[in-house]
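Below is one structure, written out as structure tokens, with a few remarks after it.
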Amino acid sequence: MTSGIRNVIIVGSGPAGHSAAIYAARANLKPLMFEGLVRGGIPGGQLMITNDVENYPGFPEKITGPSLMKAFREQSVVQGVEIVTDDVNHVDLGRRPFTVLAGDDRIEHKTRTLVIATGAQAKWLGLESEHALQGRGVSACAVCDGAFFRNQDVVVVGGGDTAMEEAMYLSGLCKSVTLVHRRDAFRASKTMQDRVFRNGKINVLLNAVVEEVLDVSKGEVTGARVRNVKSGETALVTATGFFVAIGHTPNTDLFAGQLELHDNGYIKTRPGTSHTSVPGVFACGDVQDFTYRQAVTAAGSGCMAALDAERWMAMYDSPHGA
């Protein structure tokens with residue numbers, strides 16, 4: 001089956017996707033958004049597994065992640081965005097108009113421009129206890145959630161620059177930080193390692209892995225059981241916050257081989273814009289941002305993508321007829 005040619009299709013439904021959709025709708029582009037599951041994600045993106053959000057402007061009282069995304073979605077609907085809860089199975093960016101196949105029936109949609117807002121997913125350790133306590137003391141973003149653990153003890157897991165940065169950030173808020181790494185040396189840059197080792201509030205555990213996050217029965221983090229991989233000895237680390245900092249995976253499988261990607265898999269965009277390597281294709285949010293990864297920056301980049309798409313069509317493509 002084939003639908004008519006759209007002005008813009010948006011793939012993804014986090015803050016970036018909805019911001020792009022709202023701006024595109026207000027420009028009378030009649031956008032179509034696919035909010036379906038992308039690589040195991042959920043409509044609304046990572047905020048859907050975030051209990052409390054205190055750093056999104058406009059909410060002096062904290063708001064839950066799902067509530068914030070519900071408001072985003074409702075605003076998109078009010079502005080006239082057509083939202084379909086289907087998976088996007090395939091995109092063809094080699095011919096114009098672009099082709100998007102979606103849903104179990106693989107319905108074919110044609111579009112003049114495409115906005116990619118598929119986001120990224122945090123890498124987790126894979127522990128049942130870690131999963132059970134996500135949003136209840138387990139987090140993958142210190143900047144997002146660190147303030148909830150002010151003057152408390154926390155654990156950070158990881159060995160790269162991201163883990164170092166998370167540990168340093170948390171040391172400015174928390175009573176203590178225990179940094180756990182499975183190897184006997186960090187992967188992080190020497191500069192970042194030096195900063196961590198000089199920080200008296202950071203305790204480093206090398207050759208160590210987390211076996212369990214405590215305490216699922218209480219519904220909150222009370223610590224972690226850590227095992228030394230060389231001696232086999234276990235120890236309990238007391239903490240109220242548990243931060244996993246082993247990286248993120250951008251949801252770019254649909255676009256591999258069609259768009260230029262960074263070595264880490266994120267979509268390359270022209271500096272200061274949302275333009276990708278294919279004219280008429282724009283990327284916003286965490287799928288192209290591996291530096292900030294915040295809801296507010298994702299929303300801002302979604303605005304950029306919609307404006308870039310509108311201006312690109314005005315200069316290079318057909319009029320806005322639906």
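Only one entry of R136, R187, R150, R112 meets the criterion of being at negative phi and at pLDDT below 90, and that entry is R187.
Here's the yes/no breakdown for (1) in contact with a strand residue (DSSP E or B) (Cβ under 9 Å, 6 or more places away or on another chain); (2) closer than 27 Å to A314 by Cα; (3) touching a residue at least 24 places away in the same chain (Cβ under 8 Å):
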{"site": "H18", "(1), (2), (3)": "yes, yes, yes"}
{"site": "R26", "(1), (2), (3)": "no, yes, yes"}
{"site": "K30", "(1), (2), (3)": "yes, yes, yes"}
{"site": "F34", "(1), (2), (3)": "yes, yes, yes"}
{"site": "M48", "(1), (2), (3)": "no, no, no"}
{"site": "T64", "(1), (2), (3)": "yes, no, no"}
{"site": "S67", "(1), (2), (3)": "yes, no, no"}
{"site": "T99", "(1), (2), (3)": "yes, yes, no"}
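Annotation: G285 fulfils all but one of (1) among the small types (G, A, S); (2) in contact with a strand residue (DSSP E or B) (Cβ under 9 Å, 6 or more places away or on another chain); (3) open to solvent by 70 Å² or more (accessible area, probe 1.4 Å); the unmet one is (3). Scanning region 191-234 for residues that are among the aliphatic types (A, V, I, L, M) and either exposed (fewer than 12 other Cβ atoms within 10 Å of the Cβ) or within 17 Å of E130 (Cα to Cα) (or both) returns A208, V209, V210, V213, L214, V216, V221, A224, V226.
Would you point out the residue of region 63-79, among those that are closer than 19 Å to C303 by Cβ, open to solvent by less than 50 Å² (accessible area, probe 1.4 Å) and of a type outside the set (A, V, I, L, M), that is farthest from the chain's Cα centre (by Cα)? Out of the qualifying residues, it is S76. Each residue in region 288-322 was checked for being assigned to a loop (DSSP other than H, G, I, E, B) and surrounded by 14 or more Cβ atoms within 10 Å (Cβ to Cβ), and 7 of them qualify.
Of note, V177 does not satisfy the criterion of being in contact with a Lys or Arg (Cβ under 9 Å, 6 or more places away or on another chain) and within 21 Å of Q46 (Cα to Cα). Of all residues in region 140-155, which are open to solvent by 10 Å² or more (accessible area, probe 1.4 Å) and in a strand (DSSP E or B)? D153 - this is the single residue of region 140-155 that is open to solvent by 10 Å² or more (accessible area, probe 1.4 Å) and in a strand (DSSP E or B). Q46 meets each of the listed conditions (1) in a loop (DSSP other than H, G, I, E, B); (2) closer than 20 Å to I267 by Cα; (3) under 20 Å from the mean Cα position of the chain (by Cα); (4) not aliphatic (A, V, I, L, M) apart from (1).
Does E54 fit the bill of being surrounded by fewer than 21 Cβ atoms within 10 Å (Cβ to Cβ) and modelled with pLDDT of 95 or more? Taking the combined requirement at face value, the residue does not satisfy it.
The values are calculated or read from the model by the stated rules, or taken from the named source; none is laboratory data. These figures come from a predicted structure and were not determined experimentally. FYI the Cβ positions are ideal-geometry reconstructions off the backbone, even for glycines, and counts take in every protein chain you see. Quick note on the areas: whole protein, heavy atoms, side chains included, nothing else; ligands and nucleic acids left out. Shrake-Rupley method; radii C 1.70, N 1.55, O 1.52, S 1.80 Å.
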